[in-house]
1. Are any residues in the stretch 6-38 closer than 21 Å to A49 by Cβ, at pLDDT 95 or above, part of a loop (DSSP other than H, G, I, E, B) and out of contact with any Ser or Thr (no Cβ under 8 Å at 6 or more places or on another chain), and if so, which ones?
2. Name the single residue that is nearest to I8 (Cα to Cα) among those in the stretch 44-61 being exposed (fewer than 11 other Cβ atoms within 10 Å of the Cβ) and among the charged types (D, E, K, R).
3. If I ask for residues that are at negative phi and not aliphatic (A, V, I, L, M), which ones from the stretch 12-25 would you list?
Amino acid sequence: MPRLNEYISVGFCSGYGDGDFRVSCAVEGLSRESFNELKLATLSALNVADDMWRRGNPDGSEEAKMEKPK
């Protein structure tokens, strides 16, 4: 498998526990076509992560956790 040139990293801060991200300054050197491909890959990764989370948490969706009004 080819090595990825990472432009965007997303995760949780080990010190604070909050969601965080990094963006490489190398994005400035991308062509418009490459940048659009990066945006598509980022959105696709989020969709895949969401699908995986839903499969692993079938009863854990936010909708299921919400209290119904009385």
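1. Answer for the stretch 6-38, where residues must be closer than 21 Å to A49 by Cβ, at pLDDT 95 or above, part of a loop (DSSP other than H, G, I, E, B) and out of contact with any Ser or Thr (no Cβ under 8 Å at 6 or more places or on another chain): just S24.
2. This residue is D50.
3. Taking the stretch 12-25 and keeping what is at negative phi, we get 12-16, 18-25.
Answer for the stretch 12-25, where residues must be at negative phi and not aliphatic (A, V, I, L, M): F12, C13, S14, G15, Y16, D18, G19, D20, F21, R22, S24, C25.
The values are calculated or read from the model by the stated rules, or taken from the named source; none is laboratory data. Note that the structure is predicted; figures quoted are calculated from it, not measured. Neighbour counts are summed over all protein chains in view; Cβ atoms, including those assigned to glycine, are modelled from backbone coordinates with ideal geometry.
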